[in-house]
1. If a paramagnetic tag sat 7 Å from the Cα of residue 89 along the Cα-Cβ line, which residues of segment 32-49 would have the backbone N under 11 Å from that point?
2. From the P(r) of the chain, could you give the percentage of C-alpha pairs in the tail past 17 Å?
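Every read-out reported here was derived from the displayed coordinates using simple, explicitly stated rules and does not represent laboratory data. Everything numeric here is computed off the predicted structure, so don't read it as measured data. Note that we place each Cβ from the backbone using ideal geometry, even for glycine, and neighbour counts take in every protein chain shown.
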């Protein structure tokens, strides 16, 4: 087999793997969005503020922003995580 064909096949294989990984990531993001959409507004907001929004805010700061006690936020967070795990249907999650 000529070297050029081998290089083309190698490059093609790399490209196919990259597309597969991108598709996989897009599918996971869609599953995350769908799971978040199934949560109550407060639980979705808590998970988004703590895990998705890029910031260095503490849980206390987030609780203050949401006008709730820290313990209340933490209680809602525990419930929201379980609800998210139950709603997330991409792969098997152990809860």
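1. It comes to 34-35, nothing else.
2. The calculated P(r) of the chain puts 62 percent of pairs beyond 17 Å.
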